[in-house]
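**Student:** The structure's right below; bear with me while I get my questions together.
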């Protein structure tokens, strides 16, 4: 019986196995500091906020800033290139309350109706005349009619109305659904505007842009050296 060559075994033992011992590159982390400013009526620059977030190269990070009169939703995707530059893809949404003094009531109601329809696949309950047992309901096709208890809309049967809670109860194949009265409040309408921007900066540098609503956004990106 021939024994295997010891020299051959020694060489095989020294060869690395595929995938073993290979170090996986750590993801690149980028620190993004965003400063939101806006000029007031007198022209003075007011800093809204200046949050910082750490993102992974090629991955989106989101910053949300809220307030009593609206808010800002900012998303950024930083990607580090082969030359070390950082490509920034930025999306900004500014949400604010509509000013009743400058709003056309019919236009406001139209926008609210569109917003309500986008959020729901159910009929919309617009108004009620409890003494007559009549309820104004808009079906998912956009047709609005006065209906009574027992009538059917979009496959749902109107079962009852709670005047105190201003809620209609509907039923369909054993399921029960409540519809709250949709109230069109002019000064509560929130208007959202969005815009997208791209830029390329070196690590530690910043870029600026101004939204159509007058919010100036300064974005600084810096590659972080993470300890192993």
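The values are calculated or read from the model by the stated rules, or taken from the named source; none is laboratory data. Small disclaimer: the values here were computed from a predicted structure and weren't measured. In this analysis, Cβ positions are derived from the backbone assuming ideal geometry, glycine residues included, and neighbour counts consider all displayed protein chains.
**Student:** Residues in the range 116-123: is at least one modelled with pLDDT of 85 or more, out of contact with any helix residue (DSSP H, G or I) (no Cβ under 6 Å at 6 or more places or on another chain) and surrounded by 10 or more Cβ atoms within 10 Å (Cβ to Cβ)?
**Tutor:** Within the range 116-123, the subset modelled with pLDDT of 85 or more is 123.
Restricting the remaining residues to those that are out of contact with any helix residue (DSSP H, G or I) (no Cβ under 6 Å at 6 or more places or on another chain) gives 123.
Narrowing the set further to residues that are surrounded by 10 or more Cβ atoms within 10 Å (Cβ to Cβ) leaves 123.
Yes, the range 116-123 contains at least one residue that is modelled with pLDDT of 85 or more, out of contact with any helix residue (DSSP H, G or I) (no Cβ under 6 Å at 6 or more places or on another chain) and surrounded by 10 or more Cβ atoms within 10 Å (Cβ to Cβ).
**Student:** Hey, another quick one. Out of curiosity, is residue 150 assigned to a loop (DSSP other than H, G, I, E, B) and over 12 Å from residue 122 (Cα atoms)?
**Tutor:** The answer is yes for residue 150.
This table checks each residue for (1) modelled with pLDDT under 90; (2) assigned to a loop (DSSP other than H, G, I, E, B); (3) not assigned by TED's automatic domain parsing to the domain that holds residue 87.
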{"position": "141", "(1), (2), (3)": "yes, yes, yes"}
{"position": "145", "(1), (2), (3)": "no, no, yes"}
{"position": "160", "(1), (2), (3)": "no, no, yes"}
{"position": "177", "(1), (2), (3)": "yes, no, yes"}
{"position": "183", "(1), (2), (3)": "yes, yes, yes"}
{"position": "195", "(1), (2), (3)": "yes, no, no"}
{"position": "203", "(1), (2), (3)": "no, yes, no"}
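**Student:** Sticking with this structure for a sec: Quick check on the range 214-228: of everything there that is farther than 17 Å from residue 54 by Cα and surrounded by 16 or more Cβ atoms within 10 Å (Cβ to Cβ), which residue is modelled with the lowest pLDDT?
**Tutor:** 215
**Student:** Here's another thing I want to ask about it. Which count do you get for residues in the range 162-175 that are part of a strand (DSSP E or B), more than 14 Å from residue 122 (Cβ to Cβ) and either touching a strand residue (DSSP E or B) at 6+ places or on another chain (Cβ under 6 Å) or not assigned by TED's automatic domain parsing to the domain that holds residue 125 (or both)? Spell out the reasoning first.
**Tutor:** To start, the set of residues in the range 162-175 that are part of a strand (DSSP E or B) comprises 162, 167-172, 175.
Subsequent filtering for residues that are more than 14 Å from residue 122 (Cβ to Cβ) retains 162.
Narrowing the set further to residues that are either touching a strand residue (DSSP E or B) at 6+ places or on another chain (Cβ under 6 Å) or not assigned by TED's automatic domain parsing to the domain that holds residue 125 (or both) leaves none.
Adding up the residues that qualify gives 0.
**Student:** Take the conditions farther than 17 Å from residue 213 by Cα, in contact with a strand residue (DSSP E or B) (Cβ under 6 Å, 6 or more places away or on another chain) and either surrounded by 12 or more Cβ atoms within 10 Å (Cβ to Cβ) or not assigned by TED's automatic domain parsing to the domain that holds residue 207 (or both) and apply them to residue 65. Does it pass? Talk me through it step by step, then tell me what you get.
**Tutor:** Working: farther than 17 Å from residue 213 by Cα: no; in contact with a strand residue (DSSP E or B) (Cβ under 6 Å, 6 or more places away or on another chain): yes; either surrounded by 12 or more Cβ atoms within 10 Å (Cβ to Cβ) or not assigned by TED's automatic domain parsing to the domain that holds residue 207 (or both): yes.
No.
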